[in-house]
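A.B. asks: Input: one structure, supplied below.
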Amino acid sequence: VRVLSRLLTWFWNRIYERVEIEGLDRIDELALTHTLVYAPSHRSHLDYLLLSYLLYYKNFMIPHIAAGDNLNLPVLGGILRRGGAFFMRRTFRDDPLYAAIFEEYLYQVYRRGHSVEFFPEGGRSRTGRLLPARYGLLKMTLSAQSRVLNRPLAIIPVYFGYEKLVEAASYLSELRGASKRRESLGDVFRNLRLIQQNFGTVRVNLGVPLELDQWQADHQHLSLDEQSAILGREISVRTNDAAHVNAINLVSL
């Protein structure tokens, strides 16, 4: 983590004019009584690097991050895992045993008080609009809250506001009809040329936290599927409420 922090400091200084975070005061005291679950919008592969980096330098616990197994690449997968990532399949639907084992693993992480980060949208938005929340990890998180935990869970919506995305060119190609390319180790080396560009500023906003024990008590009359659907929408609303509109957004609009 210390090695990555130095590398990322150099990288951010090369491609960004400024990186800002707002809303840490909302979780300062909450972190003492709750296990924090970060639920960010997903715009870029840099999202999870930025959030972990900022939390590290603000003296908050670095979260364990649920990552798609498409990122479990040779060499890179090991580095990400040592930085907090745990890998998962894109779908559990056809393998109930895998789903049961993964749910128990997630519960044990929560039970031990580790912060966790996952993206409710499931994948990166190509347009900037939030995608509808997927319910798999939300349902597992609700199940964990209903079991015995040392501390209750609190979900923290997070909004990433970029002036320019590093994946902009590939997103435009996909929106024009090109198929999504699978990630590869070669992408890391090809993207080193990004340091020659200026990507403006980044704003990371933490929204209003949602204390899951109280929320679940208010919705206990609903089934787990119904709770997951309502919770997913509530997180999306709170994420949009934390949106930061920068000058580039306004000019583009």
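A.B. asks: Report the calculated FRET efficiency for Asp28 and Gln196 (r = Cβ-Cβ distance, R0 = 41 Å), to the nearest 0.05.
C.D. replies: Details: r = 38 Å, r/R0 = 0.93.
After rounding to 0.05, the efficiency reads 0.60.
A.B. asks: Can you tally the net charge around Asp47? Count Lys and Arg as +1, Asp and Glu as -1, for every other residue whose Cβ sits under 10 Å from the Cβ of Asp47.
C.D. replies: Once positives and negatives cancel, what remains is +1.
A.B. asks: Any chance you could run the full-extension gain for Glu226 through Arg82? It's 0.36 nm times the residue separation minus the Cα-Cα distance, nm to one decimal.
C.D. replies: Additional length available on full extension: 48.3 nm.
A.B. asks: Name the shape class, rounded, prolate or oblate, that the alpha-carbon gyration tensor gives for region 107-216, where a ≥ b ≥ c are the square roots of its eigenvalues, rounded holds for a/c under 1.5, and otherwise prolate holds if a/b is larger than b/c and oblate otherwise.
C.D. replies: Details: a/c = 2.25, a/b = 2.11, b/c = 1.07.
Prolate.
A.B. asks: While we're here: Work through the residues other than Leu130 whose Cβ is under 15 Å from its Cβ and net out their charges, Lys, Arg +1 and Asp, Glu -1.
C.D. replies: With Lys, Arg at +1 and Asp, Glu at -1, the neighbours total +3.
A.B. asks: Length gain on complete extension for the stretch Lys58 to Ala100, per 0.36 nm per residue less the alpha carbon to alpha carbon distance?
C.D. replies: Roughly 11.6 nm would be gained on extension.
Each reported figure results from applying straightforward, stated rules to the coordinates on display, with no laboratory input. Here the structure is a predicted model, which is why all the values come from computation and not from measurement. Every residue, glycine as well, gets a Cβ built from its backbone with ideal geometry; the counts of neighbours run over all protein chains shown.
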